[in-house]
1. Condition first: of a type in the set (A, V, I, L, M) and within 20 Å of ASP66 (Cβ to Cβ). Now tell me which residues in the range 145-170 satisfy that.
2. Restricting attention to strands (runs of 3 or more DSSP E) lying wholly within the range 106-215, give those where 1 or more residues are touching a residue at least 40 places away in the same chain (Cβ under 8 Å), within 25 Å of LEU55 (Cα to Cα) and out of contact with any Gly (no Cβ under 8 Å at 6 or more places or on another chain).
3. Would you confirm, using the coordinates I've provided, whether ASN122 is closer than 17 Å to ASP67 by Cα and out of contact with any Ser or Thr (no Cβ under 6 Å at 6 or more places or on another chain)?
4. Condition (residue is outside any helix (DSSP H, G or I), under 19 Å from VAL129 (Cα atoms) and in contact (Cβ under 8 Å) with a residue 24 or more places away in the chain) applied to the range 70-78: is it met by at least one residue?
5. Can you find a residue that is out of contact with any His (no Cβ under 7 Å at 6 or more places or on another chain), modelled with pLDDT of 95 or more and more than 21 Å from VAL31 (Cα to Cα) anywhere in the range 169-192?
6. Looking at ASP97, is it surrounded by fewer than 17 Cβ atoms within 10 Å (Cβ to Cβ), of a type in the set (D, E, K, R) and outside any helix (DSSP H, G or I)?
7. May I ask you to verify whether PHE133 is farther than 20 Å from TYR209 by Cα and buried (at least 19 other Cβ atoms within 10 Å of the Cβ)?
8. Looking at the structure I just gave you, is GLU152 in contact with a Ser or Thr (Cβ under 8 Å, 6 or more places away or on another chain) and surrounded by fewer than 13 Cβ atoms within 10 Å (Cβ to Cβ)?
Amino acid sequence: MKALKRLLIFFILLITIVIVGSIVMIKSVAVNTTDADLPELIYNSSDDLLTTAQLSLLGLPFASSDDQYTIIEDFMNYIILDSIRTNINDAYDPLGDLASSDANYVIYDNGFFIDYVFATLNDDNQIVVCISFGTDKIMPSRSAIYLYFDVEVNIGILELSIVLTLDEYHIADKNLSFRMLDYMFTKLDKTSIEDNMTFGVLDLEAYTYTIELVN
């Protein structure tokens, strides 16, 4: 009987440790992304997203250095939204009035979701892509992955190209190793992911995204 009691106490303690540890871990990476974080003008645009994105880059040669990065930020948001609607979920419209899962989530599958993917420009003139995700099952939680890209702009008489190179990535504010990212992509079909971009070349071997208008 004493042995059984000890065993039960051990299992209760173990389950408690796992539950408490899970709660602490989830809270440590909690991020609450909302509609207010999205670039409203782009999401409410009625223009063709791909065409608008391409036309926006034509202003690069005439823009100041600071304005060039802002143009690239807007371009990335147009392309991200266009890629989502073209290749993942054509009903995605989080700023609209629809209350359906298709409208509010990029992907929603059995309680797990990605609800936002968008780009911002940080103080170091890096493009930061935020991927907001979570679950509403058992232990509802939300977090986000942030991908930090260095930006190289090449402008010449016969050249207009941009190369974004992944510098680091975080879950919430916690830096993660490239070894983990490399391992994750060994389990995924990289080609199908790369093909989801409606413009430019995504290379998941080199972790680059290249845009060329003239070369």
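1. Matches in the range 145-170: VAL151, VAL153, ILE155, LEU160, ILE162, VAL163, LEU164.
2. The strands (runs of 3 or more DSSP E) meeting that bar are 112-121, 127-135, 141-156, 159-171, 208-214.
3. Yes: the conditions hold for ASN122.
4. No: zero hits.
5. No, there is no match, as no residue in the range 169-192 is out of contact with any His (no Cβ under 7 Å at 6 or more places or on another chain), modelled with pLDDT of 95 or more and more than 21 Å from VAL31 (Cα to Cα).
6. So ASP97 fits the description; yes.
7. yes
8. yes
The values are calculated or read from the model by the stated rules, or taken from the named source; none is laboratory data. This structure is a prediction, so every number in the text was calculated from the model and none was measured. Backbone-built Cβ (ideal geometry, glycine too); neighbour counts: all protein chains shown.
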